Amino acid sequence: MKEYRLTKEGYDKLVEEKEDLVSNKRKEIAERLKDAKDNAGDLSENTEYEYAKNEQAFIEGRIEQITEILNKHIIIDGNGHKDIIDLGTTIEVNDLESNEKRKYLLVSSVESDPENNKISDESPMGRALLGKKTGEEIQVKTPQAIIRLRILKIS
């Protein structure tokens, strides 16, 4: 049985998303399907109806996916080890090439959002950071280059 490790924030976002999908999006799609049926004769040639059916399938799939995650989750608070990087840990690093400081939050792949500096523990950088301590250096091979980082702070 697969377990999904989530931060409290990630768990809360999934609960909120599921509630919105069930309470609002399902109703909106049902209404759109009804309108599309009422406004067209042959449903096989009704693109509005087809689009709504596809969207309905996507929403139902997402609800099923979120339900699976919420039923098999563990909350990781990131407060257990302030000296070792683990899920839920905020890491401040220094890029040894550009001397640029960056801050990341290490999260599960379910919560990953690189644009907001939330990196997955399954990503190359996440895997390289896991279990490391302040002062250690890592190298991460990306498609563009090899990135060298020094860990400055763990919180």
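The values are calculated or read from the model by the stated rules, or taken from the named source; none is laboratory data. For clarity, every value in this text was computed on a predicted model and none was experimentally measured. So basically every Cβ, Gly included, is an ideal-geometry build from the backbone, and we count neighbours across all protein chains shown. Keep in mind that these areas ignore ligands, DNA and RNA; they rest on the heavy atoms of the full protein, side chains included. Shrake-Rupley method; radii C 1.70, N 1.55, O 1.52, S 1.80 Å.
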Q) Within the group 153, 118, which residue is basic (Lys, Arg) and within 16 Å of the chain's Cα centre (by Cα)? A) 118
Q. Restricting attention to the stretch 95-128, which residues are among the hydrophobic types (A, V, I, L, M, F, W, C) and either closer than 25 Å to residue 62 by Cβ or in a strand (DSSP E or B) (or both)?
A. 105, 106, 107, 110, 119
Q) In the stretch 99-122, which residues are among the hydroxyl-bearing types (Ser, Thr, Tyr) and free of Cβ contacts under 8 Å to residues at least 12 places away in the same chain? A) 112
Q.
If a residue must be part of a strand (DSSP E or B) and loosely packed, with under 13 Cβ neighbours inside 10 Å, how many such residues does the stretch 53-74 contain?
A. 1
Q | Residue count, the stretch 79-94 (criterion: in a loop (DSSP other than H, G, I, E, B) and either open to solvent by less than 40 Å² (accessible area, probe 1.4 Å) or modelled with pLDDT of 95 or more (or both)) | A | 4
Q | Among the candidates 153, 72, 82, residue that is under 27 Å from residue 20 (Cα atoms) and either touching a helix residue (DSSP H, G or I) at 6+ places or on another chain (Cβ under 7 Å) or basic (Lys, Arg) (or both) | A | 72
Q) Looking at the stretch 1-37, which of its residues are β-branched (Val, Ile, Thr) and in a loop (DSSP other than H, G, I, E, B)? A) 7
Q. Pick from the stretch 12-40 the residues that are basic (Lys, Arg) and under 22 Å from the mean Cα position of the chain (by Cα): which of them is modelled with the lowest pLDDT?
A. 13
Q: Scan 75, 59, 91 and give me the residue that is touching a residue at least 24 places away in the same chain (Cβ under 8 Å) and over 30 Å from residue 150 (Cα atoms).
A: 59
Q. Would it be correct to say that residue 112 is under 15 Å from residue 7 (Cα atoms), hydroxyl-bearing (Ser, Thr, Tyr) and either open to solvent by less than 50 Å² (accessible area, probe 1.4 Å) or modelled with pLDDT of 90 or more (or both)?
A. yes
Q. Looking at (1) open to solvent by less than 50 Å² (accessible area, probe 1.4 Å); (2) in contact with a Ser or Thr (Cβ under 6 Å, 6 or more places away or on another chain), can you tell me which one residue 123 breaks?
A. (2)
